[in-house]
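Throughout, read-outs are computed from the coordinates displayed, never taken from laboratory work. In this text, all values refer to a predicted model and were calculated from it rather than measured experimentally. Quick reminder, even Gly has a Cβ in these numbers, built from the backbone with ideal geometry, and neighbours come from all protein chains shown.
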Amino acid sequence: MSDKELELGVQPLDQIMEERGLKNHDLVAASKDGLTHKQVQKGRKGRRLTRNLKDKIATALSAATGTTYAPGQLFNYR
């Protein structure tokens, strides 16, 4: 895979976190699945993630906000 296929641009996750005033650490702290700051940052900036990691981020964001989010709402690629 080339770098262009891995880098997909800023994702909806980033906008949702900005609107809610959340930092990467807020998701890491809310996660029960061992999420790291680096994984959250990669998700925000559009690095292609595995399905499992997208699920972890969605679960952590849901826990941090009290609103249920699905990976499809946070990432604009499959």
**Message:** Taking the alpha-carbon distance from LYS56 and a cut-off under 14 Å, which aspartates and glutamates remain once sequence neighbours fewer than 8 residues away in the same chain are dropped?
**Reply:** ASP26, ASP33
**Request:** Among the chymotrypsin sites (Phe, Trp or Tyr not before Pro) in the chain, which ones are in a DSSP loop with at most 14 other Cβ atoms within 10 Å of the Cβ? Mind listing them?
**Result:** TYR77
**Request:** Under 11 Å from the Cβ of LYS56, count the other residues' Cβ atoms, weight Lys and Arg +1, Asp and Glu -1, and hand me the total.
**Result:** +1
**Request:** Mind listing the long-range amide H neighbours of ARG47? Cut-off is under 5 Å, sequence gap 5 or more, other chains count too, H placed in the peptide plane at 1.01 Å from N.
**Result:** LEU8
**Request:** Could you give me the percent of Cα pairs per 10 Å distance bin for the range 16-66, shortest bin first, beginning at zero and ending with the bin that holds the maximum distance?
**Result:** 28, 63, 9
**Prompt:** Where in the range 31-60 does the amide nitrogen come within less than 12 Å of the point 7 Å from the Cα of LEU6, taken along Cα to Cβ?
**Reply:** 47-49
**Complete:** Contour minus Cα-Cα span, GLU19 to GLN73, at 0.36 nm per residue, comes to 18.0 nm
**Item:** Neighbour cut-off at most 16 other Cβ (10 Å), DSSP loop, trypsin sites (Lys or Arg not before Pro), the range 33-62
**Value:** ARG48
